[in-house]
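Peer 1: Please see the structure below; I have some questions.
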Amino acid sequence: GQQLNQSPQSMFIQEGEDVSMNCTSSSIFNTWLWYKQDPGEGPVLLIALYKAGELTSNGRLTAQFGITRKDSFLNISASIPSDVGIYFCAGQYAGTSGSRLTFGEGTQLTVNP
Amino acid sequence: DVKVTQSSRYLVKRTGEKVFLECVQDMDHENMFWYRQDPGLGLRLIYFSYDVKMKEKGDIPEGYSVSREKKERFSLILESASTNQTSMYLCASRANRGRIGEHYTFGSGTRLTVV
């Protein structure tokens, strides 16, 4: 099955720094989602994007649905220690129906106080 | 809030054992999913079900089977566990209503070790 290419795989940053991660696909998506997974828990939805070009914010988080429909990025501004976790992009390929999602490999974020 | 409950947080099983991972959701969702999570590989879909007694293969179904006899319960079965099935297993459910990001809820995961 297809997977999304997510980068970087890991990031080590200082508290207060901004963070950027992205996902790319060789196929067109009609939905992009960004999830965060805390240690010992399941992923939780952060931001959902449903339209090409859409830019959406959720507090310090901002995500965009690429114009080509093949990429998306997530930015976190002014990082804090509780931002630590694994961030996943996920999407639904255009032309598919139902509830099937494809996930990226994940970005492990570490924030040093 | 929707709750997706996985029966075990940690399991240790021996090679060759038959293993059952159970998942229950309490919001009458039609769709249920089993994913496997491995470092550097993200979440990979094993099987999913869009209705009682219905199932479809995901991307990595080999070595697994599933059962959905009741709407709220979706079981993942390892017929003969092998060490390469050591992983974190995540269950998820979703209602048919709304857009795909909505109502898509994960359980806390079962970390399975096969020795």
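Peer 1: Treat the count of other C-beta atoms within 10 Å as a stand-in for reagent exposure and order A:Ile86, A:Ile47 from fewest to most.
Peer 2: A:Ile86, A:Ile47
Peer 1: May I ask you to derive the relative contact order of chain A, considering only C-alpha pairs under 8 Å and at least 6 residues apart, and to give it as an integer percent? Each step should come with its number before you reach the end.
Peer 2: On the way: 290 pairs, mean separation 42.0, N = 113.
Relative contact order for chain A comes out at 37 percent.
Peer 1: Hey, what's the Kirkwood Rh for chain B if you take every pair of different alpha carbons, in angstrom?
Peer 2: Over chain B, the inverse of the mean reciprocal pair distance is 14.1 Å.
Peer 1: Going toward the positive end of the dipole of chain A, with +1 on Lys and Arg Cβ and -1 on Asp and Glu Cβ, which of A:Tyr87, A:Leu33, A:Asn75 do you reach last?
Peer 2: A:Leu33
Peer 1: Sort B:Tyr10, B:Tyr35 so the one with the fewest other Cβ atoms within 10 Å of its own Cβ comes first.
Peer 2: The most exposed by this proxy come first: B:Tyr10, B:Tyr35.
Peer 1: Is the C-alpha gyration tensor of region A:17-111 telling us rounded, prolate or oblate? Criteria: a/c under 1.5 is rounded; beyond that, a/b larger than b/c is prolate, otherwise oblate. Can you show the working numbers first?
Peer 2: Values: a/c = 2.15, a/b = 1.51, b/c = 1.42.
Verdict is prolate for region A:17-111.
Peer 1: Give the distance, in whole Å, between the Cα centre of region B:84-114 and the Cα centre of region B:1-63.
Peer 2: If we compute the Cα centre of each part, the gap is 6 Å.
Coordinate-derived values only; no laboratory data. On a predicted model such as this, the values are computed, not experimentally measured, just so you know. As a convention, Cβ positions derive from the backbone with ideal geometry for all residues, glycine included, and neighbour counts pool all protein chains shown.
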